[in-house]
Amino acid sequence: MTTHATWSTPARGLIVAAALMVVVAGMQGAAPLLGPILLAAFIAVVATPPLRLMRRYGAPKWAALLVIGFLLFDFGSLFALAATGALEGFRHSLPSYQERLVLLSAELGDWLEGLGMPNSREAVPDILDPALAMALTRTFLSNISGVFSTGLLVLFTVLFILLEAAGIPAKLKAAFNPTAETEARIQKMLSSINRYMVIKTLASLVTATLIWVWLWYLGLDFAILWALLAFLLNFVPFVGAILMAIPAVLVALVQTDIQTTLMVALGYLVVNTAIGSILEPRFMGKGLGISTLAVFLSLLFWGFVFGTVGVFLSVPLTMVLIIALDASPLTRPIAILLGPDIAAALPNDETNCLSTA
């Protein structure tokens, strides 16, 4: 007589957790390969509607792909040239910035000593170590070439994905025979990603342009470099708005006076508040379908798994994850927990009924 072992609920939970840990460890190990592929996939999702539009107006596939490839390569080349030129100038200015930072740290120590804080003159240079800051900057600059080479890999991957984009739905239907509900979920996922990426890209362009104009008006060195940095970091939720302002504020501190530094910080505050808190939510509509806590945790998780690419793609990756979890009754509770506030999504009468109940 054959007996079948039954697993308790905690045991099944431990098995699932162990399997998830193995999957996460595998993705983290394959991050150098998976990261560029994921970035290319999301760019391809954004580029697919223009490709279909050109095809609808009678353009051959090769011509449409050539146009999209040229635009992506042209944008990337302009971005790389502007960043490389600004970074090279910034590299030559590092010694003078370092000297100025040493003087500022000494002045800060003397000021704290005058306020009655003993040993500040010795402690401040240790906390604000100019040599360490410059070493980190040089390390960052030396790794820029690797970022640009990865960009070429991403570009070619995007073109190959677009080359196969028209036949992918038929292949998926023949291979897995998805139901109408599954096809609707996939279409919803692609539409959500496309909408988010397009709006976020336009918002980043506006943010970078306003930052560049403001820093150029104030006469800050390498304004184009800080604008390009603002464009990239605007894709990072929460901390991106803070990180983009730190280099420009520090440069303003060592290049100008305290009044100009405060004006630089105020400009970043106004632009990020206007774009991130007013315009973006208005054009996003009802939101991303992700809770604020889930966005923050996804930033940490995807950054841990995929590194820099995971940080930039944390929101769209979480959107895909929530839609995938919502497809199964077993994982739908997790999707609900990661989703937006239910009370905020309910009509007023339903909310009142819940509160009275």
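Computed about the Cα centre, the dipole magnitude for the range 166-251 is approximately 380 debye when only Lys and Arg (+1) and Asp and Glu (-1) carry charge, each at its Cβ. From the square roots a ≥ b ≥ c of the eigenvalues of the alpha-carbon gyration tensor of the range 1-76, which class results: rounded (a/c under 1.5), prolate (a/b over b/c), or oblate? Because a/c hits 1.5 or more and a/b exceeds b/c, the range 1-76 counts as prolate. Ordered by solvent-accessible area of protein heavy atoms (1.4 Å probe), largest first, the residues Arg55, Arg332 come out as Arg55, Arg332. A 1.4 Å probe, protein heavy atoms only, puts the accessible area of Leu34 near 60 Å². Fully extending the segment from Met27 to Ala174 would add 50.2 nm, taking 0.36 nm per residue of separation and subtracting the current Cα-Cα distance. Classification of the range 151-205 by its C-alpha gyration tensor yields an oblate form. The axis ratio a/c (a ≥ b ≥ c) is 1.5 or more, and b/c is at least a/b. Please list, in order, the residues from the range 245-278 whose amide nitrogen is less than 11 Å from a point placed 7 Å along the Cα→Cβ vector of Val295. Inside the label zone: 276-278.
The values are calculated or read from the model by the stated rules, or taken from the named source; none is laboratory data. The structure presented is a predicted model; accordingly, all values stated were derived computationally and were not measured. Please note: Cβ atoms are built from the backbone with ideal geometry, for glycine as well, and neighbour counts cover all protein chains shown. Calculation scope for accessible area: heavy atoms of the full protein, side chains included, ligands and nucleic acids excluded. Shrake-Rupley method; radii C 1.70, N 1.55, O 1.52, S 1.80 Å.
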